[in-house]
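Okay, structure first, notes after.
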Amino acid sequence: MNATLGKLSERYSAALGAHLAEGSETSSALAAELGREALRLDLAASDLALIHEEALTALMSSEQMPGDGGGTIRQAGIFFRQTLAPLAEASTAAELNAMKKRLQRETAKRKAAERTLKEERGQYGKLLADSKIMHNQLRQLSHKILLAQEDERKRISRELHDEISQILTGINVRLAALKIESAVNVENIGQKIADAQHLVEKSVAIVHRYARELRPAMLDDLGLIPALTSYLKDVRKRTGLQIHLTASKAATIEAVNGIKRTVLYRAAQEALTNVDRH
């Protein structure tokens, strides 16, 4: 490498001397060729400056130095700039290439960001559509629940009116008759009082039944299995259906929380109601 650099220095000195002596286009072309050679050798502008300085110093100390000093330095500067031209062009090309690569990277990043944004918009749109569907389903479910609750209230209200009102009316009629008969005839008054008591007991039993259907206290106090056992006993007595309850892992069942116990109780209640109805 040193030998190659030495040859380049010799060629540069000779070309610079010819340029100062003749100033021809040939020397300009040679300067450009020297610049391209320096580029191939991967020399920097500072390396060429050092070569130029050494060559110019040597020439100016020579007795054959043509022209005046000021003009010589200007001409030498022109030759040096011509030598640097290929390096400057290469540097500019490298900068442009680097800039092009940076631009390509930024463009790729922008396109990737646009694709990501488009995908996210698609996902958000799908989530929004799913949310709307779920919202509509929830509204429909809430509407059905409200209708079911209202139907249940109507049924309980109607049955309370039909059964309790009739029984209480019967009790009132019997008590009125007892009041009249007790003043004139005391025969059979004990049986009539017993009949009135039976009607009272029946009305109490009906009230208890509706209370169990609405919310059995036994479910909270004793647990799911005792509450179901009591409910099944009432259903058997009221409908004549032969129903049996078999519970395994009772401890595990009773360990569930209150909400789950209520759900299981309501499921069994609804199933038996459907059996009785159909």
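Just so you know, all these numbers are worked out from the coordinates, no wet-lab data involved. All of these numbers come straight from a predicted model, not from anything done at the bench. Please note: Cβ atoms are built from the backbone with ideal geometry, for glycine as well, and neighbour counts cover all protein chains shown.
Mind checking Rg over Rh on the chain, alpha carbons, Kirkwood formula for Rh?
Taking Rg over the Kirkwood Rh, I get 1.82.
So, in nm, how far is label Glu54 from label His135 when the simple model puts each one 7 Å beyond its Cα toward the Cβ?
It works out to 8.2 nm between the two label points.
Provide the per-residue ³J(HN,Hα) series for segment 267-278, in order, calculated from phi with Karplus coefficients 6.51, -1.76, 1.60 and θ = phi - 60°, each as a whole number of Hz, with x at glycine and proline positions.
5, 5, 4, 5, 4, 5, 4, 5, 4, 5, 6, 10
Rounded to the nearest 0.05, what FRET efficiency is calculated for Ile180 and Val204 with R0 set to 25 Å and r the Cβ-Cβ distance?
FRET efficiency, Ile180 to Val204: 0.45.
Take each of the peptides 165-178, 74-87, average the number of other beta-carbon atoms within 10 Å over its residues, and list them starting from the highest.
74-87, 165-178
Give me the dipole magnitude in Debye, nearest 20, for the chain about the Cα centre, with unit charges on the beta carbon: positive for Lys and Arg, negative for Asp and Glu. Intermediate values should be presented prior to the final figure.
Details: 40 positive and 35 negative charges, 469 e Å.
It comes to approximately 2260 debye.
Determine which lysines satisfy two conditions relative to Lys192: a Cα distance under 16 Å, and not lying fewer than 8 residues away in the same chain.
Lys179, Lys202
Spin-label point model (7 Å from Cα, Cβ direction): what's the Gln123 to Ser46 distance in nm?
5.1
At 0.36 nm per residue, minus the direct Cα-Cα distance, what do Ala251 and Asp276 gain on full extension? Give it in nm, one decimal, please.
6.0 nm
Each residue of segment 74-87 in turn: what ³J(HN,Hα) in whole Hz from Karplus with 6.51, -1.76, 1.60 and θ = phi - 60°, glycine and Pro shown as x?
5, 5, 5, x, 4, 4, 5, 5, 5, 5, 6, 4, x, 5
I need to check one value: relative contact order of the chain, counting alpha carbon pairs closer than 8 Å and at least 6 residues apart, in percent.
Relative contact order for the chain comes out at 12 percent.
Can you give the calculated 222 nm mean residue ellipticity of the chain, where each DSSP H run of n ≥ 4 adds -39,500 (n - 2.57) and the sum is split over every residue, rounded to the nearest 500 deg cm²/dmol?
Only helices count here, giving -30000 deg cm²/dmol.
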